[in-house]
Amino acid sequence: MDYDQLKQDIIEFSKEIGIDKIGFASSDPFIEMKNKLIRQQELGYQSGFEHKNIDERVDPSLIFERPRSIIAIALAYPSRMENPPRGKKGERRGLFCRASWGIDYHQLVREKLTQLAVYIQECVPETKIKSMVDTGELVDRAVAERAGIGWSGKNCSIITPEYGSYVYLGEMITNLPLEPDEPLQDQCGECTMCLDACPTGALVQAGQLNAQRCIAYLTQTKDFLPDEFRTKIGNRLYGCDTCQSVCPKNKGMDFHHHEAMEPEPEIVKPLLDPLLELSNRQFKEIFGDMSGSWRGKKPIQRNAIIALAHFKEKDSVSKLVKVMEEDVRPVIRGTAAWALGKIGGEEAKKALLQAKNKEQDVSVLNEIEKGLQFFHKENEA
């Protein structure tokens, strides 16, 4: 078997099916990544969404019988939308990060990996393949870096020379002895713009992220958002693009190669008020195809309430009062109470005082007190 020719054939086929970049890596254990993951765990910097077994995340032989190589792919996604809707007083809007634009990227990358796998197995029928995207065992970023897709930036994203960091990653382990590509040199240099711009200081140092402080993670949690972060997330409903948008390597990077990735402006930048009243069915119908919907409507609604507080949107007070009084979920009721205090005004204050006498849940009562404290501070000022 001429594996050099097979590699070239795979590269050519990948271009035909719309894979923007492909690279090849050895299947040796990722020793350096293992050390990083252990350190992350020791420091308590993990999000909890990761695959639990560190050894399986760094050693392909533990999840695949006799691996010989790994093929990594990247799909470029858009960074700008045409005619984005603008929020205004009375019609405030939230924002989904770019990685949630269009159809769920897990589905899109898996489709490309499946096409590629079918082609390879047609060429070499005895080929064994295991593909994964994001939620698989291996660390996508480590594989992409070894395969020469890009270098690992200080913002913990893979940065490609061609598309910046606006790429989705996926990989497949194979039993084929394909020649590995050379990793790229780090091109971040002395730049620290991403570290300096991180709203919560989640990038503790170059290449090290405290996921517990990362807005991309925080917007996906389902409990009360810690107080210190409520003023940091702004109108973000899901995810955060700050460390990518400030990166000089992303300047001018905007690619529209895949129609399924194109954003629906009214969905990725939706009006906030209607989000407060969505049923589960309505949420799935509107947002269900997006990667940003995977945690359900609760985090999105909580974040929408915080966004209204961020804007101090007085036109939404009556809706927030209704949420505080009628929603069955303590996190949503309590966040609405906090938001009412943040927005202020007599209607909000009256509603909080009434709720204080009726509410039974301790966590919600705590948020009502926080809301009322804003009025005390206002009087003291």
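Readers should treat all values here as calculations from the given coordinates under stated rules, not as data from a laboratory. Because the structure is predicted, anything quoted here is derived from the model rather than measured. Backbone-built Cβ (ideal geometry, glycine too); neighbour counts: all protein chains shown.
Across the chain, where is the longest run that never hits GluC sites (Glu not before Pro) in a DSSP loop with at most 12 other C-beta atoms within 10 Å? Spell out each step's value before the answer.
Numbers: sites that count: 65, 82, 126, 190, 277.
In the chain, the maximal stretch lacking such sites is 278-381.
Which angle between 0 and 90 degrees, to the nearest 10, do you get for helix 330-343 versus the longest principal axis of the chain when only C-alpha atoms count?
60 degrees
Using a 10 angstrom cutoff on alpha carbons, build the Gaussian network for the chain and name the most mobile of 124, 331, 323.
Of 124, 331, 323, the most mobile in the Gaussian network model is 124.
Remind me, relative contact order of the chain in percent, using alpha carbon pairs under 8 angstrom and six or more residues apart?
Once divided by the residue count of the chain, the mean separation gives 19 percent.
Between 339, 355, 309, find the one with the highest GNM mean-square fluctuation for the chain; connect C-alpha pairs within less than 10 Å.
Sorting by GNM fluctuation, first place goes to 355.
With a Förster radius of 25 Å, plug the Cβ-Cβ distance of residue 191 and residue 35 into 1/(1 + (r/R0)^6) and report the FRET value to the nearest 0.05.
Numbers: r = 25 Å, r/R0 = 0.99.
Given R0 = 25 Å and the Cβ-Cβ separation, E is 0.50.
With the crude spin-label approximation of a point 7 Å out along Cα→Cβ, what separation in nm comes out for residue 358 versus residue 15?
Modelled inter-label distance: 6.7 nm.
Can you give the % of DSSP beta bridges in the chain that are antiparallel, to the nearest 5?
Just about 90 percent of them are antiparallel.
In degrees between 0 and 90, to the nearest 10, how far off the longest principal axis of the chain does helix 3-16 point, with axes built from Cα atoms?
The answer is roughly 40 degrees.
Checking the cross-link filter: which lysines have an alpha carbon closer than 21 Å to that of residue 15, excluding same-chain neighbours under 8 positions apart?
Straight-distance partners of residue 15: 7, 112, 130.
Along the Cα→Cβ direction, 7 angstrom out, place labels at residue 365 and residue 350. What is the inter-label distance in nm?
2.5 nm
Among 143, 118, 317, which one moves the most in a GNM of the chain with springs linking Cα atoms closer than 10 Å?
118
Counting other beta carbons within 10 Å of each Cβ, put 57, 302, 329, 141 in order, fewest first.
Values: 57 21, 302 25, 329 15, 141 18.
Final ranking by Cβ density, sparse to dense: 329, 141, 57, 302.
Could you work out the helix-only [θ] at 222 nm for the chain, with each DSSP H run of four or more residues adding -39,500 (n - 2.57) and the total divided by the number of residues, to the nearest 500 deg cm²/dmol? Let's see the in-between values first.
Working: 17 runs with 162 residues, N = 381.
Mean residue ellipticity at 222 nm (helix-derived): -12500 deg cm²/dmol.
Taking only Cα atoms, what is the 0 to 90° angle, nearest 10, from helix 317-326's long axis to the longest principal axis of the chain?
Rounded to the nearest ten degrees, it is 80.
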